[in-house]
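Q: Quick one: this structure, given as structure tokens, is what I'll be asking you about.
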Amino acid sequence: MSHCNHGQDDHSHLIPCSEVLSKVYAFIDGQLDVRELEGFQEHIRLCLPCQELVKFEEKLVEMIKKKGCHQKNEIPSTLMDKIKQAIDVSSKP
């Protein structure tokens, strides 16, 4: 999925747009190491399409988290029973 419309001579990035796409959730979750983070941040500073993508994904994650906080986060008892049964069956020699 390519969203960047700039040509090869427009500007160079430390990392390509495809790598930004593959690391956007690791960035949002704070899972990039220092070197990856620096390259990622530099790229989104220079690349408006990637910057917009990251902002969109951050808002989406925030909305999902907020939505989850307003609902009961309980597992239905029937599902829990099925999970326990599956664990019991798989743990038997």
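The values are calculated or read from the model by the stated rules, or taken from the named source; none is laboratory data. Not measured: the values here are computed from a predicted model. No Cβ is skipped: glycine too gets one built from the backbone with ideal geometry, and neighbour counts run over all protein chains shown.
Q: Regarding Phe40, is this residue of a type in the set (Phe, Trp, Tyr), modelled with pLDDT of 80 or more, in contact with a helix residue (DSSP H, G or I) (Cβ under 7 Å, 6 or more places away or on another chain) and in a helix (DSSP H, G or I)?
A: Yes.
Q: Further, regarding this structure: Given the conditions (1) polar (S, T, N, Q); (2) loosely packed, with under 11 Cβ neighbours inside 10 Å; (3) modelled with pLDDT of 90 or more, and given that Gln31 satisfies all but one, which numbered condition is not satisfied?
A: It is condition (2) that Gln31 fails.
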